[in-house]
Amino acid sequence: MEPKTDGDHKQLLTEVIKKQIIVLGPDITLAKARNVAGLTVADDGTVTQISGDPKEVTQKLIEQFMELSGLIVKKTMEPLLANYPGLAAKEMTQQPTAPQPPAAVPQNPPPTPPPIQSTNTSSLPNNPVSQPET
């Protein structure tokens, strides 16, 4: 069921905002929603006006919330957006990619041994090292 009228878009966006009020609280949610150009939102989360392309406004609203909490927002919005398949943004409908394994981390080389300290030879008998005879 794709939204056909401005009223349908208002209803969808209102549902999205009210869902985010539950998750994020009213202050953060309303601040983010009011950052979207072309969207007018009442204090209770109801969308009162959409100016411009409703699909573009919807995409911008979703991006605002995605900036905050990515996957959490995606999971909370999926059931709502499933009711409006033609309106769902590409990012919201794509299957997430499997996480990539971390790159191999080079291991630290083993520590170098401490330098060999010279011994005090003054207490040793004066015995020069004999050289082999040739």
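For every residue, the table says whether it meets (1) assigned to a helix (DSSP H, G or I); (2) over 16 Å from the mean Cα position of the chain (by Cα); (3) surrounded by fewer than 19 Cβ atoms within 10 Å (Cβ to Cβ); (4) modelled with pLDDT under 85.
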position: 27; (1), (2), (3), (4): yes, yes, yes, no
position: 69; (1), (2), (3), (4): yes, no, yes, yes
position: 81; (1), (2), (3), (4): yes, yes, no, yes
position: 88; (1), (2), (3), (4): no, yes, no, yes
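Does segment 37-50 include one or more residues that are assigned to a helix (DSSP H, G or I), of a type outside the set (A, V, I, L, M) and either surrounded by 17 or more Cβ atoms within 10 Å (Cβ to Cβ) or at pLDDT 85 or above (or both)?
Checked segment 37-50: no residue is assigned to a helix (DSSP H, G or I), of a type outside the set (A, V, I, L, M) and either surrounded by 17 or more Cβ atoms within 10 Å (Cβ to Cβ) or at pLDDT 85 or above (or both).
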- Item | Single residue of 48, 29, 76 found to be touching a Ser or Thr at 6+ places or on another chain (Cβ under 7 Å) and not basic (Lys, Arg) | 48
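Mind checking whether some residue in segment 27-42 is acidic (Asp, Glu) and closer than 22 Å to residue 75 by Cα?
Kept after step one, since they are acidic (Asp, Glu), are these residues of segment 27-42: 27.
Retained after the next criterion (residues that are closer than 22 Å to residue 75 by Cα): 27.
Yes - at least one qualifying residue is present in segment 27-42.
The values are calculated or read from the model by the stated rules, or taken from the named source; none is laboratory data. Quantities reported herein were computed from a predicted structural model and do not represent experimental measurements. Every residue, glycine as well, gets a Cβ built from its backbone with ideal geometry; the counts of neighbours run over all protein chains shown.
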